[in-house]
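Asker: Pasting in a structure now, in structure tokens, and then I'll have a few things to ask.
The values are calculated or read from the model by the stated rules, or taken from the named source; none is laboratory data. Keep in mind that this is a model prediction, so the values were computed, not measured. Cβ placement follows ideal geometry from the backbone for every residue including glycine, while neighbour counts extend to all protein chains displayed.
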Amino acid sequence: MSQRFEDHDDLHAKWNEMFGQLKEYKEEHGDCNVPLDFTNSKLANWVNFVRWCHRRYEIGKKIPGGLTQDKIYLLEGIGFEWSNCNNASLRSVRNLSVRSSNRR
């Protein structure tokens, strides 16, 4: 097999591995919004990279080995959100709320 196909197969296998980890994260946490400071930094960085690839994909600048329509469907099928700004803000508000209620 040529090096190019081996590289493609390796990228595909790694993507599937990370997608599997993301599904496990969702089962445990209820969403796909892996925080950047999550203990599994490899997963956190991958989710961040996937969001970056999607922004590039949307403007027609596809990344070799990046997102395909099939991968987008898979991610959306498990409830992946392309922007997690709102969820990060909600987590911050919840954390502040919990901290302030603990002080009372």
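Every residue, every condition in (1) surrounded by 13 or more Cβ atoms within 10 Å (Cβ to Cβ); (2) under 12 Å from the mean Cα position of the chain (by Cα); (3) polar (S, T, N, Q), yes or no:
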{"residue": "D10", "(1), (2), (3)": "no, no, no"}
{"residue": "G30", "(1), (2), (3)": "no, no, no"}
{"residue": "V34", "(1), (2), (3)": "yes, yes, no"}
{"residue": "S41", "(1), (2), (3)": "no, yes, yes"}
{"residue": "V47", "(1), (2), (3)": "yes, yes, no"}
{"residue": "G60", "(1), (2), (3)": "no, no, no"}
{"residue": "G65", "(1), (2), (3)": "yes, no, no"}
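Asker: Please work out which residue is modelled with the lowest pLDDT, limiting yourself to region 67-104 and to residues that are surrounded by 13 or more Cβ atoms within 10 Å (Cβ to Cβ) and charged (D, E, K, R).
Answerer: This residue is R91.
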